[in-house]
Amino acid sequence: MDSVLDLAPVVPVVVLEDAADAVPLARALVAGGLPAIEVTLRTPAALHAIAAIARDVPDAVVGAGTVLGPDHVAAAEAAGARFLVSPGCTERLLDAMHGSGLPFLPGVSTASEVLRLLEQGVTDMKFFPAEAAGGAPYLKSLWSPLPRARFCPTGGIDAARASGYLALPNVACVGGTWMLPADALRAKAWDRVTGLAREAAALAG
C-alpha cells in the first residue's frame with residue numbers, strides 16, 4: 001500500500017471501548033465498502049482491537065489513529081496496524097512514523113505546517129480539526145499555492161458535509177464517525193453499520 005488516501009473515499013474513525021466489538025464492526029464496515037479503518041488510540045481496548053482486526057478480518061486495512069509519539073508508533077506497529085494517523089506533527093513523531101515504514105498521515109491545520117511537511121517530502125496529510133480549522137473553503141484556498149499536498153480532512157464532518165470536501169481537487173478521502181452511531185454500536189446493530197458504510201462509500205460516485 002503506497003497511500004492511505006487511495007483506499008476508500010471515507011475512512012471510519014473508530015473509538016472502541018470493548019475489543020470484542022472490533023471484529024464484527026470491521027466486518028460490517030468492509031461489507032459496506034469501507035476497508036480502511038482507523039482505530040484511535042484513545043482507549044485501553046484500542047491496541048487489542050487493532051490486533052484482532054489485523055488477525056481476523058483480512059479484507060480490512062486497519063490503522064492506528066491519535067498517534068501522539070514514538071511509543072504509540074511502536075505499539076501500533078506491533079499490534080499489526082497498517083497505517084498511522086496523528087492529529088498533529090512534531091519532528092520526533094515524524095521521525096518515528098518515517099522509521100516505521102508504514103504509510104502515515106500527519107495532522108496539519110495551517111499552511112505553514114503543510115509547507116514544512118512538503119519540504120520533508122511528505123505530501124499526504126490529515127487536515128484536523130477540519131470544520132473548526134476552516135473547513136472545505138480553507139482547503140480549497142490551499143490548492144493553488146500548495147497543489148502537491150493531498151488531504152484527508154477529519155473532525156466535524158458528517159454525511160452532509162463529506163461531499164463538499166470530496167469535490168475538492170486536493171482531498172482524496174475524508175474521515176468521520178457518522179456511519180458509527182453510538183446507539184447502533186451499543187445495540188451491536190452491525191447490519192445498520194453496513195448500510196451506513198455503503199452510503200458513505202457511494203459518496204465518491
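Any read-out appearing in this document is the output of simple, stated calculations on the displayed coordinates, not a laboratory observation. Values in this document were obtained by computation on a predicted structure and should not be read as measured data. Neighbour counts are summed over all protein chains in view; Cβ atoms, including those assigned to glycine, are modelled from backbone coordinates with ideal geometry.
Annotations
- Each Lys and Arg Cβ is given +1 and each Asp and Glu Cβ -1; about its Cα centre, the chain then shows a dipole of about 300 debye.
- For the chain, calculated [θ]222 nm from helices alone, where every DSSP H run of n ≥ 4 adds -39500 (n - 2.57): -12000 deg cm²/dmol
- Residue order, fewest to most surrounding Cβ atoms within 10 angstrom, among Arg148, Arg42, Arg82, Arg161: Arg148, Arg42, Arg161, Arg82
- R0 of 22 Å, Cβ-Cβ distance Asp158-Ala132: FRET efficiency to nearest 0.05: 0.95
- Distance (nanometres) between label positions extended 7 Å along Cα→Cβ at Ala78 and Glu91: 2.7 nm
- The modelled label-to-label distance between Glu199 and Asp2, using points 7 Å beyond Cα along the C-beta direction, is 3.4 nm.
- Relative contact order computed over the chain (Cα-Cα under 8 Å; 6+ residues apart), in percent: 23 percent
- Whole-angstrom gap from the range 32-105 to the range 122-192, using each part's C-alpha centre: 18 Å
- Average Cα contact separation per residue, the range 96-170, under 8 Å, 6 or more apart, as relative contact order %: 31 percent
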